[in-house]
Amino acid sequence: MKRFLFALLLIALPLAAQEAKKEDQKSNAPSASPHIQKLFLLKYADPAHVANLLGVFNASVRPDSDMHALAVETTSEATMKAIDEAIQRLDVASAAAKNIEMTAYLLIGGETVGTEPSAMPKELDSVVTQLKNAFAFKNYRLLDILALRTRVGQRASTNSVGRPVQIGTNSPAPTTQFRINSAGIGSDETTVRIDGLNLSSRIPVQSSPGQYSFSDVGLSADVDIKQGQKVVIGRVSVAESALFVVLTAQVVN
């Protein structure tokens, strides 16, 4: 009996040692790294853009555009310090989203589109002179002016009802929609880049005395414009006349 108990003890000792070793290893194992969290409130930079740049760090970065903030979580004090320094460098006044103002002038050129001296704004005199030199149309008249303001990288659109223009006799007013997919600033800081510009108009055309039908015309383009310059970006035929689109753009704060 004693021999049997002794044999059981010899078997149990190694098992107990193994269990003790496991417990000791558990107690000596390093504890999980603590999570370090910090909230950064940005003054100028876009949170989403900054979050993309912070992707080089071993951290979780959650941007909130509405609150203009970043929630950062990492396991390293050194990483959090590096992120803090990076945000200070990125969140500067020059990083603030800029606005771009665009003005589209719609001109009708033809033989009988009105000749009133007041029909054309003074700032378009040089443009009209260029058009008269380039095309056979004798008369030009302003159909509409559309203004559009947007932030860099954003979509924008506007609609307008223009002034009646004589194509035959007195006509109804035209309607126009002006939209862009995005606007940006060129690397030279003097050029405005407009992507996905689309302008569509419904212009009344006389079908018989006192009767009008509408001609749907439009143009689409990607355009680079020097700030402040007025550029003719397109011409569209309308009956025996033509619609010219003149665009100017300016970066504003």
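Quick notes on this structure:
- Count of residues meeting criterion [in a loop (DSSP other than H, G, I, E, B) and among the small types (Gly, Ala, Ser)] in the range 40-88: 4
- Of the residues making up the range 89-118, those that are part of a helix (DSSP H, G or I), at pLDDT 85 or above and of a type in the set (A, V, I, L, M, F, W, C) number 1.
- Scanning the range 62-95 for residues that are surrounded by fewer than 14 Cβ atoms within 10 Å (Cβ to Cβ) and among the hydrophobic types (A, V, I, L, M, F, W, C) gives MET67, ALA78, VAL92, ALA93.
- Filtered residues of the range 125-156 (kept if in a loop (DSSP other than H, G, I, E, B) and of a type in the set (A, V, I, L, M, F, W, C)): PHE135, ALA136, PHE137, VAL152
- Reported count of residues in the range 208-232, each being more than 21 Å from the chain's Cα centre (by Cα), surrounded by 14 or more Cβ atoms within 10 Å (Cβ to Cβ) and under 25 Å from SER187 (Cα atoms), is 3.
- Residue match in the range 119-137 (condition: more than 21 Å from LYS230 (Cβ to Cβ) and at pLDDT 85 or above): yes
- Any hit, the range 163-174, residues being assigned to a loop (DSSP other than H, G, I, E, B), without any contact (Cβ under 8 Å) to a residue 60 or more places away in the chain and of a type in the set (Lys, Arg): yes
- Residue within the range 196-207 that is buried (at least 16 other Cβ atoms within 10 Å of the Cβ), among the polar types (S, T, N, Q) and not in a strand (DSSP E or B) present: no
- Check on MET102, surrounded by 15 or more Cβ atoms within 10 Å (Cβ to Cβ) and under 28 Å from the mean Cα position of the chain (by Cα): yes
- Those residues of the range 192-228 which are in contact (Cβ under 8 Å) with a residue 24 or more places away in the chain and of a type in the set (Asp, Glu), in sequence order: ASP195, ASP222, ASP224
The values are calculated or read from the model by the stated rules, or taken from the named source; none is laboratory data. None of these values were measured; they are calculated from a predicted model. Cβ sites come from the backbone with ideal geometry, for glycine too, and all protein chains shown count toward neighbours.
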